[in-house]
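See below for the structure under consideration.
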Amino acid sequence: MAGTFHFDAEDRSNAFITRVESATFGDGRLAGIPLAVKDNISTRGMQTTCGSRILEGYIPPYDAHVVELLREEGAAIVGKTNLDEFGMGTTTENSGFGPTTNPHDPARVPGGSSGGSAAAVAAGMVPMALGTDTGGSIRCPAAFCGIVGLKPTYGRVSRYGLIAYSNSLEQIGPMGRSVADVGTLMEVICRHDARDSTSYDRGYAHAPSGEIRGMTIGIPAEYFGEGVDPAVAECVRDAIATLESAGAIVEECSIPSMEYALAAYYVTCTSEASSNLARFDGVRYGPGVGTKRSWHDEFQEFRGEHFGREVQRRVMLGTFALSAGYYGKYYAKAQVAKENVRRDFLRVLKSVDVIAGPTMPTIAFRFGEKSDPLSMYLSDVLTVPANLAGVPAISVPCGRVEGMPVGLQIIGQHFADEVVVDVAFAFEQEGPA
């Protein structure tokens, strides 16, 4: 039966932008369970800001498809979580509503861009949350905060109602305290939606299995190369050894095109962001522009004042990459590199069941530690390839370094989300508490 959930958890991490103190719930598999939704996913009647002051006060008139499904199953949606503005970041420092802190150490970042969702789960405020992943934005904060996060196969979860950053890369996905929780949420949100032209008719009905005997796990040399903290690498190799002791077969492999993945990703996502964010002009959404000057002058000033520095940087990079004389030099070449990454992953995944390695090259870093954009972008080197290839990837906690969580990343074939969940579940059963 329907009821009201009273949400009074203390938000020490600034995990939420909007909270609902009394959330209604109904019947279903999630009846009465408090859930958080990343604030770039539309929620009818509830402010949706994308972590940006340019959308402050915007109330969507409709629910995203995934939110409709949560409501159908009786979930109590208790608030919208903080994020890097429009999903552009690895730390949740770029939010227009202040940074989120890591529940394990408030001097460190929670990861991004779904840092609010990860922090809310890690702090015990909610058992599960929705995030989005364009280049690691579910898996990065899952690793940094010590929870489980799944980026589904591209197209397996509808993006209807997700405020777009990079259409060809992003996916909505589940985050939770355990692999079983993530699987439960995946069962709810994975349903075909005719309103999303990229949505596949591939549902998800799967109970995680810890039986991985005879399964082959590929270990790419590139996932343990330059820039990966040796202590993180050792922790992840110990986790892989645990899977091997559970009966999996481990094989070394190589994905040479990863050398170009990061560049291809940033050219692609900034180009798409340049197009997608053009709609935020101060007329249709958020705070309105003035009318005393020409529209062009008001529009230019409005975007300059309300977009954060990182969003402005990426929009300008994308506009440049798409401009006459540079489209072929940058964007077109990025699409070739993207296809090479996809082919490399499919080639390797023909001979192994899954690929495993670190989710992030380091543990969560301290606020201000990554002060220049390039060093921040390099943090995504192990997560962006799965987005370019469109394959499923999950991060599961596998230990600690300097007291901070480390994530094991497991990547599978297209539509083999169930397989990566099974491997993660097997490790969860066998690995460190």
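The values are calculated or read from the model by the stated rules, or taken from the named source; none is laboratory data. Keep in mind it's a predicted model, so treat the numbers as computed, not measured. We place every Cβ from the backbone using ideal geometry, glycine too, and count neighbours over all the protein chains shown.
Selection within the range 255-304: residues that are touching a Phe, Trp or Tyr at 6+ places or on another chain (Cβ under 8 Å), assigned to a helix (DSSP H, G or I) and of a type in the set (D, E, K, R). The member of this set that is modelled with the lowest pLDDT is R303. When the range 86-121 is filtered for residues that are buried (at least 24 other Cβ atoms within 10 Å of the Cβ) and over 25 Å from S271 (Cα atoms), the ones remaining, listed by number, are T100, N102, V109, P110, G116, S117, A118, A119, A120, V121. Being modelled with pLDDT under 95, of a type in the set (K, R) and more than 20 Å from the chain's Cα centre (by Cα) holds for only one residue in K350, K333, K370, K329, and it is K329.
The set of residues in the range 349-377 that are surrounded by fewer than 19 Cβ atoms within 10 Å (Cβ to Cβ) and either in a helix (DSSP H, G or I) or touching a Pro at 6+ places or on another chain (Cβ under 8 Å) (or both) comprises K350, S351, F367, P373, L374, S375, Y377.
Sort out which residues of the range 223-233 are touching a residue at least 40 places away in the same chain (Cβ under 8 Å) and not in a loop (DSSP other than H, G, I, E, B), and write them in order of number. If the condition is that a residue be touching a residue at least 40 places away in the same chain (Cβ under 8 Å) and not in a loop (DSSP other than H, G, I, E, B), then Y223, F224, A231, V232, A233 are the ones that fit.
Being closer than 20 Å to I41 by Cα and polar (S, T, N, Q) is the filter; apply it to the range 3-21 and report the residue that is surrounded by the fewest Cβ atoms within 10 Å (Cβ to Cβ). In this case the residue turns out to be T18. The set of residues in the range 48-103 being within 20 Å of the chain's Cα centre (by Cα) and basic (K, R) consists of K80 alone.
Pairs meeting the criteria (first residue in the range 198-214 and under 24 Å from A246 (Cβ atoms), second residue acidic (D, E), beta carbons under 6 Å, at least 6 apart or on different chains) are Y204/E187; H206/E418; P208/D422; S209/D422.
Determine, yes or no, whether R71 is surrounded by fewer than 24 Cβ atoms within 10 Å (Cβ to Cβ), of a type outside the set (A, V, I, L, M, F, W, C) and without any contact (Cβ under 8 Å) to a residue 60 or more places away in the chain. Yes.
Within 25 Å of Y204 (Cα to Cα), among the small types (G, A, S), surrounded by 24 or more Cβ atoms within 10 Å (Cβ to Cβ) and at pLDDT 95 or above, is that true of S168? Steps first, answer last, please.
Numbers: within 25 Å of Y204 (Cα to Cα): yes; among the small types (G, A, S): yes; surrounded by 24 or more Cβ atoms within 10 Å (Cβ to Cβ): no; at pLDDT 95 or above: yes.
Considered against the rule, which asks whether it is within 25 Å of Y204 (Cα to Cα), among the small types (G, A, S), surrounded by 24 or more Cβ atoms within 10 Å (Cβ to Cβ) and at pLDDT 95 or above, S168 comes out as no.
Could you list, in sequence order, the residues of the range 16-54 that are farther than 17 Å from S114 by Cα, assigned to a strand (DSSP E or B) and among the β-branched types (V, I, T)? Answer for the range 16-54, where residues must be farther than 17 Å from S114 by Cα, assigned to a strand (DSSP E or B) and among the β-branched types (V, I, T): just T24. Among the residues of the range 216-239, the ones that are aliphatic (A, V, I, L, M), over 20 Å from M258 (Cα atoms) and surrounded by fewer than 19 Cβ atoms within 10 Å (Cβ to Cβ) come to 1 in all. Among the residues of the range 406-433 satisfying the criterion of being surrounded by fewer than 24 Cβ atoms within 10 Å (Cβ to Cβ) and within 15 Å of A143 (Cβ to Cβ), which is modelled with the highest pLDDT? Here the answer is E428.
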